[in-house]
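The values are calculated or read from the model by the stated rules, or taken from the named source; none is laboratory data. Fair warning: this is a prediction, and the values are worked out from it, not measured in the lab. Cβ atoms come from the backbone with ideal geometry, glycine included; neighbour counts cover every protein chain shown.
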Amino acid sequence: MGRGIRLVLAGLVAAGMVMSAPAAFAKGGGGGGVQASGSCSASSTWKLQATPEHSKIQVEFEVDQNKKGDIWDVTITDNGQPVFQGPKKTHGPSGSFTVRKKTANLPGTDQFQADATNRSTGETCSGSVGL
């Protein structure tokens with residue numbers, strides 16, 4: 001094999017290693033997170049984000065309904081296991097609430113599911129992300 005071909009092959013191998021590095025670091029704490037957002041069953045919106053932090057994952061779920069004082073029943077799970085379950089009240093001028101929790105970084109893909117139901121209107125919000 002000629003020297004030029006060996007250099008090209010070495011360059012391709014090195015490029016492949018660099019290209020696969022972000023995927024390798026995504027769960028380890030050095031990479032960015034994932035985010036999803038959408039509309040709820042009425043006029044509210046939701047956003048769900050999961051971000052690696054060292055050996056844990058921070059999950060954040062926000063619902064914005066533009067009305068303060070409403071209570072929502074919220075559940076967040078990681079691969080079906082509860083991360084948070086309880087009521088949250090909308091606050092401030094934005095009429096939103098946010099749940100932030102850190103959870104173990106499980107082997108394989110962590111699949112987060114967040115659900116919220118407004119106690120007074122029955123509106124529901126639901127979203128998921130995988131990391």
Q. Tally time: how many residues in segment 101-118 are touching a Phe, Trp or Tyr at 6+ places or on another chain (Cβ under 8 Å) and loosely packed, with under 12 Cβ neighbours inside 10 Å?
A. 0
Q | Some residue of segment 86-94 being surrounded by 16 or more Cβ atoms within 10 Å (Cβ to Cβ) and either over 20 Å from T121 (Cα atoms) or modelled with pLDDT under 95 (or both) | A | no
Q. How many residues are surrounded by fewer than 19 Cβ atoms within 10 Å (Cβ to Cβ) and either of a type in the set (F, W, Y) or under 14 Å from E123 (Cβ atoms) (or both) if we restrict to segment 42-63?
A. 3
